[in-house]
Amino acid sequence: MGGPHGRPGPRRRGGRRRPRGPRPRARAVRPRHGVRGRPPRAGRPAGAADGVDAAFVCTPDDTHADVAEDLLRAGVAVYLEKPLATTTQDCDRVLAAAAETGTKLYVGHNMRHMAVVRTMRDVVARGEIGDVQAVWCRHFVGNGGDYYFKDWHADRARSTGLLLQKAVHDIDVIHWLAGSTTRDVVGMGDLQVYGRVTDRTDRTGQLMTDWFSYDNWPPLEQTGLHPTVDVEDTSMMLMRLDNGVLASYEQCHFTPDYWRNYTVIGTRGRLENVGDGDGASVRVWNRRTSWSEHGDVEYPVDAAGPGHQDADRLTVDEFLRHVAEGAPITTSPVMARDAVATGIAATVSLRAGSAPQRVRPVAPEVAAHFDDDVDPAAPTPRT
């Protein structure tokens, strides 16, 4: 294992409606990293989780902001699953609660710890492809029918849309690789396939594992979709970032395969990942050629499993070290907010005839609060 992230060396080649009802509860933990229960602190709001240092918020997306704000204002450090929230205003409310109270906030953008993303980031950081000019991402969501169209994700009143709920992972990675955040965005998409499936089921009380199967194929023969299906199953977006980088993202939820493919083009070359789990590789082209399958340099990806399984433990460990020891973090709460704002703006554009949208930046004083938390190797861009 070589390199700072344990990578092998290269092989050289030649407007939301909030549902009514009780708020979900966050789960508090006392893990092995030195985070322990403690006596109640003065100044905590009534009903605060006394004696709890940290909580993981893994509730449905449209409940994130309320649960996280309550915990932050109670002085409880929060690991908040992505997306940070389902509106930009709610994101800003959560960031403000963390800034005003000084309570630790960590957003679970685990893809920043994926081996394939780290490998690409390292190639960019070493200057192997020069200054980044364009980033493209194609996302083949082969499990989309089971993952997103049989529960609340399929209802835009709950999820806003899959350019938020699903794409927010990749928007954050695009921003990270490009070193900036989106200023202008245009979206396009449609409900092409799953809107034609008429077999619907109320799956209240069930979990995704109750219905998931690779035998649920082909897409038009899916059964038991959510009673409300009004989010797009094919979506695309074009982005102009604040530093001038141009980017695109495409997702399709009825492909047979499930992986994501990035291309990053710079002033001295380009990179592309082939596969995104163990056995994948990141290929770099930095000499003129007509076509070369494996590029000029190929970096094998050493991951612990498919998708982002390799990143989950690293993300949780980083959060716990941040709470227990004040260690810097790779994920940025501000860039998590910017990813949400970009996904929402793209969704608005998509549903308004692809009208261009300007992404509103976070307040500078709020962004400045998080500067000391984020690792200098993963800076928060200013917009």
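The values are calculated or read from the model by the stated rules, or taken from the named source; none is laboratory data. On a predicted model such as this, the values are computed, not experimentally measured, just so you know. Please note: Cβ atoms are built from the backbone with ideal geometry, for glycine as well, and neighbour counts cover all protein chains shown. When the accessible area is computed, the model is the full protein with side chains, heavy atoms only, and any ligands, DNA or RNA have been set aside. Shrake-Rupley method; radii C 1.70, N 1.55, O 1.52, S 1.80 Å.
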Quiz item: Do any residues in the range 78-101 that are under 12 Å from Ala363 (Cβ atoms) have Cβ atoms under 6 Å from those of residues that are open to solvent by less than 10 Å² (accessible area, probe 1.4 Å) and outside any helix (DSSP H, G or I), where the two are at least six apart or on different chains, and which pairs are they?
Solution: Cys91/Leu84; Cys91/Ala85
Quiz item: Do the conditions hold for Leu95, that is, is it under 30 Å from Ala280 (Cβ atoms) and modelled with pLDDT of 95 or more?
Solution: no
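Residues checked against (1) of a type in the set (A, V, I, L, M); (2) within 16 Å of the chain's Cα centre (by Cα); (3) buried (at least 22 other Cβ atoms within 10 Å of the Cβ); (4) not in a strand (DSSP E or B):
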position	(1), (2), (3), (4)
Val116	yes, yes, yes, yes
Met120	yes, no, yes, yes
Val123	yes, no, yes, yes
Ala134	yes, no, no, no
Cys137	no, yes, yes, no
Leu163	yes, yes, yes, yes
Ile174	yes, yes, yes, yes
Exercise. For the range 93-102, name all the residues that are open to solvent by 10 Å² or more (accessible area, probe 1.4 Å) and assigned to a helix (DSSP H, G or I).
Key: Arg93, Ala96, Ala99, Glu100, Thr101
Quiz item: Could we say that Leu320 is over 26 Å from Trp259 (Cα atoms), at pLDDT 95 or above and not small (Gly, Ala, Ser) here?
Solution: yes
Quiz item: From the set of residues in the range 194-213 that are assigned to a loop (DSSP other than H, G, I, E, B) and more than 28 Å from the chain's Cα centre (by Cα), which is nearest to Val141 (Cα to Cα)?
Solution: Val197
Quiz item: So which residues in the range 251-260 are open to solvent by less than 50 Å² (accessible area, probe 1.4 Å) and not in a loop (DSSP other than H, G, I, E, B)?
Solution: Gln251, Cys252, Arg260
Self-check item: Every pair of residues 6+ apart whose Cβ atoms lie under 6 Å, when the first sits in the range 152-167 and is under 17 Å from Thr59 (Cα atoms) and among the aliphatic types (A, V, I, L, M) while the second is modelled with pLDDT under 95 and open to solvent by 20 Å² or more (accessible area, probe 1.4 Å)
Solution: Ala157/Arg17
Quiz item: Taking Thr198 and the conditions (1) open to solvent by less than 40 Å² (accessible area, probe 1.4 Å); (2) more than 25 Å from Asn110 (Cβ to Cβ), which numbered condition does it fall short on, given that it satisfies the others?
Solution: (1)
Practice problem: Would you check if Gly244 is at positive phi and either modelled with pLDDT of 95 or more or not in a loop (DSSP other than H, G, I, E, B) (or both)? | Solution: yes
Quiz item: Where residues in the range 80-92 are within 15 Å of Phe370 (Cβ to Cβ) and in a helix (DSSP H, G or I), which of them is most open to solvent (accessible area, probe 1.4 Å)?
Solution: Asp92
Quiz item: Would the range 219-231 turn up any residue that is touching a strand residue (DSSP E or B) at 6+ places or on another chain (Cβ under 6 Å), open to solvent by less than 60 Å² (accessible area, probe 1.4 Å) and not in a loop (DSSP other than H, G, I, E, B)?
Solution: yes
Quiz item: Of the residues that make up the range 61-79, is at least one under 21 Å from Leu162 (Cβ atoms), open to solvent by 10 Å² or more (accessible area, probe 1.4 Å) and in contact with a strand residue (DSSP E or B) (Cβ under 8 Å, 6 or more places away or on another chain)?
Solution: no
Self-check item: Selection within the range 218-264 - within 14 Å of Gly161 (Cα to Cα) and not acidic (Asp, Glu)
Solution: Thr228, Val229, Val231, Thr234, Ser235, Met236, Met237, Gln251, Cys252, His253
